[in-house]
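**Q** Okay, here's the structure, questions in a sec.
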Amino acid sequence: MNNATAAILALLLVSFFGADWLFNDAEIVTFLGKRLIELTEYLAFWR
């Protein structure tokens with residue numbers, strides 16, 4: 001991955017989080033965070 005690709009990817013991520021915070025009160029990020037916590041607990045169970 002070169003610097004231009006990394007910069008574009010970073011810009012997309014920042015704009016996604018910014019738009020979610022602006023338009024949805026960060027509901028998508030909160031949902032994804034909760035699902036990530038559930039996934040890590042599920043994987044820890046099978047460890």
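**Q** May I ask you to compute the full-extension gain from THR40 to PHE23, defined as 0.36 nm times their residue separation minus their alpha-carbon distance, rounded to one decimal in nm?
**A** Numbers: separation 17, 0.36 × 17 = 6.12 nm, distance 2.83 nm.
Contour length minus the Cα-Cα distance gives 3.3 nm.
**Q** Let me ask something else. Checking the a/c ratio against 1.5 first, then a/b against b/c, what shape does the Cα gyration tensor give for the chain? Write down the numbers at each step before the final one.
**A** Working: a/c = 7.26, a/b = 1.41, b/c = 5.16.
Cα axes put the chain in the oblate bin.
**Q** Where does helix 27-45 land angle-wise versus the long Cα axis of the chain, in degrees 0 to 90, nearest 10?
**A** Here the helix axis deviates by roughly 40 degrees.
**Q** Modelled label-to-label distance, SER15 and ASN2, 7 Å Cα→beta-carbon offset: nm?
**A** In this crude spin-label approximation the distance works out to 2.0 nm.
Throughout, read-outs are computed from the coordinates displayed, never taken from laboratory work. Computed from a predicted model, the values in this text were never measured in an experiment. Positions of Cβ are generated from backbone atoms using ideal geometry, with glycine treated the same way; all protein chains shown enter the neighbour counts.
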